[in-house]
1. Whether any residue in region 263-275 is in a helix (DSSP H, G or I), under 28 Å from Ala134 (Cβ atoms) and among the basic types (Lys, Arg) is what I want to check.
2. In region 160-186, which residues are more than 9 Å from ligand 1 (Cβ to nearest atom) and within 19 Å of the chain's Cα centre (by Cα)?
3. Going residue by residue through region 229-237, is there one that turns out to be part of a strand (DSSP E or B), buried (at least 20 other Cβ atoms within 10 Å of the Cβ), touching a Leu at 6+ places or on another chain (Cβ under 9 Å) and not small (Gly, Ala, Ser)?
4. Applying the selection to region 177-192, what residues are open to solvent by 10 Å² or more (accessible area, probe 1.4 Å) and either part of a loop (DSSP other than H, G, I, E, B) or closer than 20 Å to Val269 by Cα (or both)?
5. Of the conditions (1) surrounded by fewer than 17 Cβ atoms within 10 Å (Cβ to Cβ); (2) more than 14 Å from ligand 2 (Cβ to nearest atom); (3) within 24 Å of Ile132 (Cα to Cα); (4) of a type outside the set (Val, Ile, Thr), Trp283 satisfies every one except a single condition; which number is it?
6. Can you spot a residue in region 241-250 that is farther than 17 Å from Tyr206 by Cβ and surrounded by fewer than 16 Cβ atoms within 10 Å (Cβ to Cβ)?
7. Which one of the conditions (1) open to solvent by 50 Å² or more (accessible area, probe 1.4 Å); (2) over 30 Å from Pro170 (Cβ atoms); (3) without any contact (Cβ under 8 Å) to a residue 12 or more places away in the chain; (4) not charged (D, E, K, R) does Ala300 fail to meet, given that it meets all the rest?
8. Would you mention how many residues in region 129-142 are among the β-branched types (Val, Ile, Thr) and touching an Asp or Glu at 6+ places or on another chain (Cβ under 6 Å)?
Amino acid sequence: MKLLVCGGAGFMGSHFIKYILATYPDYEVVNFDKLTYAGNLENLREVENNPRYTFVRGDICDKAAVEDVIRENNIEAIVNYAAETHVDRSIMDPDAFLRTDILGTFNLLEATKNFNLTKMVQISTDEVYGSIEAGSFTEESPFSPNSPYSAAKAGGDHLCRAYFVTYKTPVVVTHSCNFYGTNQYPEKLIPFFITNLIEGKKVPLYGDGKNVREWIHTSDHCKAVDVLLHKAAPGEVYNIGSGQELENIELTNMILSEMGFGGDMIEPVRDRPGHDRRYSIDWSKLKKDFGWHPEKDFKAGLRETIKWYKNNPNWWQPLKSGEHREYFKKQYTEKA
Ligand code: NAD
Ligand code: TDX
């Protein structure tokens, strides 16, 4: 198969490219990525000389560039990871979120339709469902997004549905819980807190720290997307979850204790505006239809992730310094 992975220089997209090249010896992958602040070709060093891997710099909002990359590489299917992804950035500056997460998705749907591709997998998030006090979101739960990020992702997802209903475009949408693992940009909770602690800095915990997130390891997410790329029927929607729910304060304490620090390293800061209280995903459909289930033990995965950041300062230090430092100054670090 000749696969176009959009956003393949980011965190999960780069894991997926490495997974596909290792799992399918006859597959060819084209990575189409704009290289925003979140795109990093260092994530793909180990495959950059693989003859089955090609990198093309481009923007999914650029219709002609999307058409060119598909035509020139005889692409058969798309997996779309390209998005603006950080909720805090969407609160400060939503513009790029609306363009990439809605208009970019629209361009990929148009291309999937016009080039008669066999499948487009749209990687989306549990955040489109909003916040849930008890129980878990199913694929039938209504959308109720609360941040510019989740509203933009919901817009892209609605277009996917409309393209299937109207044109029978073979698109499959995923709604996943929070990812964790190596190579995650150090603005998200787990890598931000780990790298702060390595630097001897405190970790800013929003609000009362009791917001709940569900966490899935990169390896389990790659396997789920593999199954959906090959087996899911066009027009289907699948939740991808793990059951590994934690309050932020519980997760923070796990990171602190694993790294040999105490609660004095927590800095309570003002809450994120519109902060969703709890996400929880019912992924029984994915298990029932394909037998997929998460395999990675969370504590083991977290330990490996911490070890990776400790061993790879050359990867993350440049991302917290220089021009990037301005962003970290603006994070919600005002005292509560
Ligand atoms: P990321 O922020 O690490 O990487 C995004 C990648 O997309 C970067 O390489 C960036 O350069 C690229 N990109 C951004 N705009 C682009 C554009 N206009 N054209 C081409 N490339 C562009 O992302 P991630 O955290 O790996 O998330 C990947 C996908 O998974 C996103 O769609 C996100 O909404 C979804 N998701 C993420 C999580 C999570 O916990 N991180 C959870 C659920 C769903
Ligand atoms: O400094 C922080 N302090 C803090 O308390 C940061 C960065 C986060 N938090 C809290 C906010 C959330 O409750 O930790 C939780 C996790 O925050 P993020 O890592 O920013 O992730 P979240 O907002 O849950 O969104 C993530 O999961 C769903 C991804 O960024 C999205 O792309 C994905 O769709």
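1. For region 263-275, residues in a helix (DSSP H, G or I), under 28 Å from Ala134 (Cβ atoms) and among the basic types (Lys, Arg): absent.
2. If the condition is that a residue be more than 9 Å from ligand 1 (Cβ to nearest atom) and within 19 Å of the chain's Cα centre (by Cα), then Cys160, Val171, Val172, Val173, Gly181, Thr182, Pro186 are the ones that fit.
3. No, there is no match, as no residue in region 229-237 is part of a strand (DSSP E or B), buried (at least 20 other Cβ atoms within 10 Å of the Cβ), touching a Leu at 6+ places or on another chain (Cβ under 9 Å) and not small (Gly, Ala, Ser).
4. Thr182, Asn183, Gln184, Tyr185, Lys188, Leu189, Phe192
5. (1)
6. no
7. Single failed check for Ala300: (1).
8. Of region 129-142, the ones among the β-branched types (Val, Ile, Thr) are 132, 138.
Subset that is touching an Asp or Glu at 6+ places or on another chain (Cβ under 6 Å): 138.
Number of matching residues: 1.
The values are calculated or read from the model by the stated rules, or taken from the named source; none is laboratory data. In this text, all values refer to a predicted model and were calculated from it rather than measured experimentally. Positions of Cβ are generated from backbone atoms using ideal geometry, with glycine treated the same way; all protein chains shown enter the neighbour counts. Note: areas computed on protein heavy atoms with side chains; ligands, DNA, RNA excluded. Shrake-Rupley method; radii C 1.70, N 1.55, O 1.52, S 1.80 Å.
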